[in-house]
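In what follows, a single structure is set out as structure tokens and then discussed.
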Amino acid sequence: VMPGNITFASSSADVRSDFYDVLNSVAKILKEFKDTSIRISGHTDSTGGDKINIPLSQQRADSVASYLRSQKVSGARMESYGYGSQYPVASNSTESGKQANRRVELE
């Protein structure tokens, strides 16, 4: 699980440069285990509603997939999905809970 406050600026789908090292490690592992496929799931907090959050969560997942492709991981091995605020891991009633819900998961 990659928390959004580390990987993304607020309301942005651009992967933050301070997270490249983590994604480079993921890419290295995926290149070593060439038969492994991954599912990249983007999530948001509940601020803004589904009209905004579902596309934003998809864009975030796609950004992670794009970065991994730039590191020579085959795009055919990745699927990305945006779930918006559908699957929270914390309460959206606090700022810390919202931060926890803004995340990308790799499975």
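Among the helices (runs of 4 or more DSSP H) confined to segment 1-82, the ones with at least 3 residues that are farther than 15 Å from residue 103 by Cβ and either over 13 Å from the mean Cα position of the chain (by Cα) or of a type in the set (D, E, K, R) (or both) are located at 20-32, 50-70. Scanning segment 42-77 for residues that are open to solvent by less than 20 Å² (accessible area, probe 1.4 Å) and either free of Cβ contacts under 8 Å to residues at least 40 places away in the same chain or not β-branched (Val, Ile, Thr) (or both) gives 42, 43, 45, 53, 57, 60, 61, 65, 68. Number of residues in segment 16-44 that are at pLDDT 90 or above and within 21 Å of residue 95 (Cα to Cα) equals 3. When the residues of segment 83-107 are filtered to those that are within 23 Å of residue 18 (Cα to Cα) and outside any helix (DSSP H, G or I), the one that is most open to solvent (accessible area, probe 1.4 Å) is 107.
The values are calculated or read from the model by the stated rules, or taken from the named source; none is laboratory data. Model, not experiment: these values are computed from the prediction. When we count neighbours, we look across all protein chains shown, and the Cβ atoms used for this are built from the backbone with ideal geometry, even at glycine. Areas reflect the complete protein model, heavy atoms only, side chains present, ligands, DNA and RNA absent. Shrake-Rupley method; radii C 1.70, N 1.55, O 1.52, S 1.80 Å.
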